[in-house]
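These notes concern the structure reproduced below.
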2 protein chains.
Amino acid sequence: MARTTPQKHDEILAAAARRFGVTGYRGTSLQDIASEVGCSKAAVLYHFANKEAILTELMAPAIEVLRALDRRIAAESDPESAQRVAAEGFVALAIRFRGEIALLRGEFPALLQQPDFAHVQQISERLLDALAARSARAAARITAFVMLAGIAETCGEFADVSDDELRDALLTLLRRALEPVH
Amino acid sequence: MARTTPQKHDEILAAAARRFGVTGYRGTSLQDIASEVGCSKAAVLYHFANKEAILTELMAPAIEVLRALDRRIAAESDPESAQRVAAEGFVALAIRFRGEIALLRGEFPALLQQPDFAHVQQISERLLDALAARSARAAARITAFVMLAGIAETCGEFADVSDDELRDALLTLLRRALEPVH
DNA sequence: TCAGCCTCTGACCGATCGGTCAGGCATGCT
DNA sequence: AGCATGCCTGACCGATCGGTCAGAGGCTGA
């Protein structure tokens with residue numbers, strides 16, 4: 001997608017973020033975004049190829065960090081350190097992009113099915129595996145899933161809690177919840 | 001609404017449950033349900049007032065149990081026992097209705113906004129309060145929220161794990177994760 | 001002055017949605 | 001035989017969706 005006038009482009013992006021945060025991705029129409037910007041729906045589609053492209057660009061920085069975390073986890077050889085890297089990295093990512101995560105409140109499962117986010121699904125599975133200390137035991141994988149899904153949902157709420165306080169609470173919780181390596 | 005021919009009524013209900021489980025509530029159209037049953041869309045709307053009525057009836061048993069849990073929690077006077085009742089009751093409910101919960105995968109936030117489910121939102125908040133041992137500390141409420149949202153999402157997955165194994169894993173996790181009463 | 005590009009608009013498109021409606025048809029009571 | 005009732009259909013409705021398109025208008029360089 002060829003980059004157009006930066007300011008209008010970014011203005012639309014910001015408006016979309018605001019609307020997605022209130023009514024979710026699927027619950028926000030291109031017309032809603034256009035009204036928020038104060039232009040026509042066609043103008044929005046002049047700057048972006050389609051609706052999904054807006055979301056993709058909005059999420060690009062967060063996904064890049066997620067991929068970096070995925071690489072760091074893959075580089076760890078023993079399950080215990082992989083679990084530690086995954087836990088700390090995921091919390092750091094969730095805090096840093098809590099705004100973006102809030103946009104998708106409750107729409108993760110649906111969004112992960114979209115073609116642009118197919119690889120995110122795979123990364124999530126590897127993240128789960130690392131959090132479960134690469135164990136195949138059901139209990140370990142259930143625990144990891146609860147934490148992964150729970151933290152993702154939580155970061156959208158608690159907008160009044162500071163980054164530091166939220167991070168401390170999540171790290172403490174993870175340390176208590178995750179099963180020690182067997 | 002007046003009960004019509006029981007078998008067709010239930011047939012539509014079962015078909016809707018199947019479809020909701022695959023494509024979610026919002027992602028399933030009345031036409032989809034009608035096709036699954038093998039009748040016309042108008043026939044579906046002959047047996048049910050509207051689309052939401054199907055979901056409401058599908059969820060009625062689970063919501064009734066949730067309300068009973070809410071009453072039991074309210075009857076507990078000290079925070080510690082309220083926390084215990086909430087944790088055990090919520091896990092029991094999540095296991096018993098894991099099929100129904102799976103239907104709503106990722107659509108809780110949107111569904112809770114619908115008028116028929118407004119009181120569920122309030123019950124959820126009281127459940128969160130009980131799980132946090134009625135503490136106002138941010139860390140306690142964050143932990144409770146992660147567990148609540150995480151468990152709800154988790155029950156939809158892990159269809160291959162038995163009820164007993166899932167319950168044990170969740171109860172163990174909750175016992176480890178929930179902060180002791182201060 | 002004029003040509004060409006960038007930005008944007010309003011009208012429009014086909015598809016799909018939830019929901020309505022008049023009527024067809026079988027059944028069973030009077 | 002006649003009639004009411006229950007069940008169901010196809011045609012249809014208005015609204016909304018994401019997306020397209022021809023062209024208007026302004027700015028710029030030749």
Residue list for the range B:69-115, restricted to those being open to solvent by 30 Å² or more (accessible area, probe 1.4 Å), touching a Lys or Arg at 6+ places or on another chain (Cβ under 9 Å) and under 18 Å from B:MET147 (Cα atoms):
B:PRO79, B:ALA92, B:PRO109
Going through the range B:20-33 one residue at a time, which ones are out of contact with any Leu (no Cβ under 9 Å at 6 or more places or on another chain), at pLDDT 95 or above and assigned to a helix (DSSP H, G or I)?
B:GLN31, B:ASP32, B:ILE33
Please work out if B:SER124 is among the small types (Gly, Ala, Ser) and open to solvent by 20 Å² or more (accessible area, probe 1.4 Å).
yes
Restricting to the range B:104-148, count the residues that are in a helix (DSSP H, G or I) and at the interface with chain A (Cβ under 8 Å from one of its Cβ atoms).
12
Evaluation of A:ALA159 against (1) part of a loop (DSSP other than H, G, I, E, B); (2) open to solvent by less than 60 Å² (accessible area, probe 1.4 Å); (3) modelled with pLDDT under 95 (one fails), failing number:
(2)
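Please determine whether any residue of the range A:56-68 is within 12 Å of DNA strand D (Cβ to nearest atom) and open to solvent by less than 30 Å² (accessible area, probe 1.4 Å).
Within the range A:56-68, none of the residues are within 12 Å of DNA strand D (Cβ to nearest atom) and open to solvent by less than 30 Å² (accessible area, probe 1.4 Å).
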Residue that is nearest to A:SER81 (Cα to Cα), among those in the range A:155-182 that are at the interface with chain B (Cβ under 8 Å from one of its Cβ atoms) and in contact (Cβ under 8 Å) with a residue 60 or more places away in the chain
A:LEU170
Tabulated pairs, the range B:30-42, first closer than 9 Å to B:ILE12 by Cβ, second at pLDDT 95 or above and within 6 Å of DNA strand D (Cβ to nearest atom), C-beta under 6 angstrom, 6+ apart or interchain
B:ALA34/B:SER40
Just name the residue that is nearest to DNA strand D (Cβ to nearest atom) out of those in the range A:11-35 that are open to solvent by 70 Å² or more (accessible area, probe 1.4 Å) and among the charged types (D, E, K, R).
A:ARG26
In the range A:23-43, is there at least one residue being assigned by TED's automatic domain parsing to the domain that holds A:ALA136 and within 16 Å of DNA strand C (Cβ to nearest atom)?
no
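The values are calculated or read from the model by the stated rules, or taken from the named source; none is laboratory data. Quick caveat: nothing in here was measured; it's all calculated off a predicted structure. All Cβ positions, even for glycine, are placed from backbone atoms using ideal geometry, and neighbour counts span all protein chains on display. Areas reflect the complete protein model, heavy atoms only, side chains present, ligands, DNA and RNA absent. Shrake-Rupley method; radii C 1.70, N 1.55, O 1.52, S 1.80 Å.
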